[in-house]
Amino acid sequence: MITAHVKTKLIEIVGRENYDDSEAGRLVYSYDATPQFQSLPNGVISPDNAKQVSDIVKVCNEHNIPIIPRGSGTNLCAGTCPTEGGLVLLFRHMNRILEIDEENLTVTVQPGVITLDMINEVEAKGLFYPPDPSSMKISTIGGNINENSGGLRGLKYGVTRDYVIALEIVLANGDIIRTGGKLAKDVAGYDLTRLFVGSEGTLGIITEATLKLIPMPETKKTMLALYQDIDAAARSVSNIIANKIIPTTLEFLDQPTLQVVEDFAQIGLPTNVQAVLLIEQDGPEQVVERDMQRIAELCMLEQAVSVEVAQSEEHAMALRTARRAALSALARLKPTTILEDATVPRSEIAKMVRSINEIAAKYDVNICTFGHAGDGNLHPTCPTDSRNHDEIERVEKAFAEIFEKAVELGGTITGEHGVGVMKAPYLELKLGEQGIAAMRSIKAAFDPNNIMNPGKVFAKESRKRVVVTR
Ligand SMILES: Cc1cc2nc3c(=O)[nH]c(=O)nc-3n(C[C@H](O)[C@H](O)[C@H](O)COP(=O)(O)OP(=O)(O)OC[C@H]3O[C@@H](n4cnc5c(N)ncnc54)[C@H](O)[C@@H]3O)c2cc1C
């Protein structure tokens, strides 16, 4: 697909050392964090700046070569799997923090910067960037923006979308545009910044982003509430919010997840209870004290077995880190780990957790559930083995039913992981035919030759998971 002539042109743009079409090089970028998807690209390219990205895109547009922008490849929807071949575009040279503006409270970065590195830099200046995906030690800001990623602090502070205020984008024809600015107010034309957030590399390539910062909260407290009844834990989530308290973090782990997380992290998590809520509040000291006391009372009213406040920042950090390790811990159980992120209005959490357990029993599969309960964003996770075809078929049927249930309860098929290839067959469940048609027309307007991450978001077949191998 990439002829010798095109290869020469690409090498002229980035230099020989930044273009790799060796078998080993292509194999490395043939998959991402999503199980069961693999497909070889034709080449891998590493530009240094927006001008080079633009020149690459012009070549690809002229020759109809798919481009797959790739951060760290930690997405869980096969969003960077080169299902139609083409060129994987890396941002390893575009990973600088360009500016921290303490007057306007913004940070401007290149897309390849690692999320946690940026968070640490801004925190050193007493500033706060709240979106904290559990993968933040390795994920990039470009990936976070394109998946509109969330995290443990999403309940109170929102998700990546709420912090992106300006972008530099290379469009599919090679044009470089700038959207937004360091502005609190800006209604000049369509909100292209928002359109590109969560666009999964299908509309253009982000080469620079300006993100909003806020002052660092004064204090923070962390608490664990333990339950012998999953419904009681779910009811506590609804009650806390109904009592007009918005904690920073309100995370849920069921017993099987607790067990594997404790085996992995070994920090003394209770494993003899059916569910745990990890609750955090931040802000002025008095407010945090008042909220945590009220939250503890509400949890006890819902028959929590006990409520424990972390006695030191080290203990609190260990609890947060253990929660963030849930996927890695579950991944130790079986060769294949399928993690989903069906999301429901938070008032429906109890019903959804119950339904997940019933569906798992119906298809005789093991599903552990954890997630951002305050956001209604659950991660039913199935440790399985892709070589066991009978079991995989049952797992897929179970997840299809879980998505249907989530939509039936007013929810969605994905709260933060994106659609990619993996969820594309289910998108119609959420948007309907007309919704998909509207999105297709946006895609066609921005990318008429369908070179930007093709095969993602829009499914060839509806409602059926498609396993791709080349
Ligand atoms: C252990 C683990 C924990 C996770 N926890 C969370 C979590 O708590 N919350 C959450 O939301 N997600 C989570 N994820 C999913 C994943 O980490 C996020 O989606 C993350 O934002 C992906 O970042 P990345 O740099 O790896 O991007 P990639 O996976 O490389 O790319 C993601 C998407 O962005 C596109 N893209 C990347 N850079 C650009 C660019 N510059 N321009 C245009 N398109 C681009 C890609 O084409 C792709 O569609 C987790 C994943 C793992 C493995």
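The values are calculated or read from the model by the stated rules, or taken from the named source; none is laboratory data. Everything numeric here is computed off the predicted structure, so don't read it as measured data. Because the Cβ atoms are built from the backbone with ideal geometry, glycine has one as well, and the counts that use them run over all protein chains shown. These area figures cover heavy atoms from the full protein model, side chains too; ligands, DNA and RNA do not enter into them. Shrake-Rupley method; radii C 1.70, N 1.55, O 1.52, S 1.80 Å.
Once amide H atoms are placed 1.01 Å from N in the peptide plane, what residues at a sequence separation of 5 or more from Thr337, or on another chain, have their amide H within under 5 Å of its amide H?
When sequence neighbours closer than 5 places are left aside, the close amide H contacts are Thr384.
Taking only C-alpha pairs under 8 Å that are 6+ residues apart, what is the relative contact order of the chain in percent? Please report the intermediate quantities before stating the final value.
On the way: 1021 pairs, mean separation 75.7, N = 470.
Relative contact order for the chain comes out at 16 percent.
When the Cα centres of segment 166-206 and segment 394-456 are compared, how far apart do they sit, in Å?
22
How tilted is helix 4-14 with respect to the longest principal axis of the chain? Cα atoms for both, answer in degrees (0 to 90, nearest 10).
Computed tilt is about 60 degrees.
Rounded if a/c is under 1.5, else prolate if a/b beats b/c, else oblate: with a ≥ b ≥ c from the C-alpha gyration tensor eigenvalues square-rooted, which is segment 110-183?
Cα axes put segment 110-183 in the prolate bin.
Take the residue pairs Lys58/Lys182; Lys137/Lys456; Lys397/Lys423; Lys9/Lys456 and return only those whose Cα atoms are more than 18 Å apart. All intermediate terms of the calculation are to be shown ahead of the outcome.
Numbers: Lys58/Lys182 29 Å; Lys137/Lys456 25 Å; Lys397/Lys423 13 Å; Lys9/Lys456 27 Å.
Violating the 18 Å limit, Cα to Cα: Lys58/Lys182; Lys137/Lys456; Lys9/Lys456.
With a cut-off of 8 Å between alpha carbons and a minimum separation of six or more residues, what is the relative contact order of segment 272-373 in percent?
Relative CO of segment 272-373 lands at 13 percent.
Can you sort Phe446, Phe91 by solvent-accessible area, 1.4 Å probe, largest first?
The ordering from most to least exposed comes out as Phe446, Phe91.
Shape call for segment 1-123 from the C-alpha gyration tensor, a ≥ b ≥ c root eigenvalues: rounded (a/c under 1.5), prolate (a/b greater than b/c) or oblate? Spell out each step's value before the answer.
Details: a/c = 2.51, a/b = 1.48, b/c = 1.69.
Since a/c reaches 1.5 but b/c is at least a/b, the shape of segment 1-123 is classed as oblate.
If I compute solvent accessible area with a 1.4 Å probe over the protein chains, what percent of it on the chain is carbon and sulfur?
50
Between Glu23 and Asp186, 0.36 nm times their residue separation minus their Cα-Cα distance comes to what?
Full extension of this stretch gives 53.9 nm more.
Mind checking the per residue accessible area of the chain for me, 1.4 Å probe, whole number of Å²?
42
Need one number: nm distance between label points at Arg161 and Glu314, each 7 Å from Cα along Cα→Cβ, rounded to one decimal.
Simple spin-label model gives 4.1 nm for this pair.
Just the number, please: percent antiparallel of the DSSP beta bridges in segment 58-196, rounded to the nearest 5. Numbers along the way, then the final one.
On the way: 10 of 14 bridges.
Roughly 70 percent of the DSSP beta bridges within segment 58-196 come out antiparallel.
What's the FRET efficiency of Lys125 with Ser328 using the Cβ-Cβ distance as r and R₀ = 35 Å, to the nearest 0.05? The partial results should precede the final answer.
On the way: r = 31 Å, r/R0 = 0.87.
Efficiency at R0 = 35 Å is approximately 0.70.
Order 381-389, 3-11, 362-370, 349-357 from most to least packed using the mean count of other Cβ atoms within 10 Å.
The packing order, highest mean first, is 349-357, 362-370, 381-389, 3-11.
Roughly how many whole Å is it from the C-alpha centroid of segment 120-163 to that of segment 260-278?
Centre-to-centre (Cα) distance: 25 Å.
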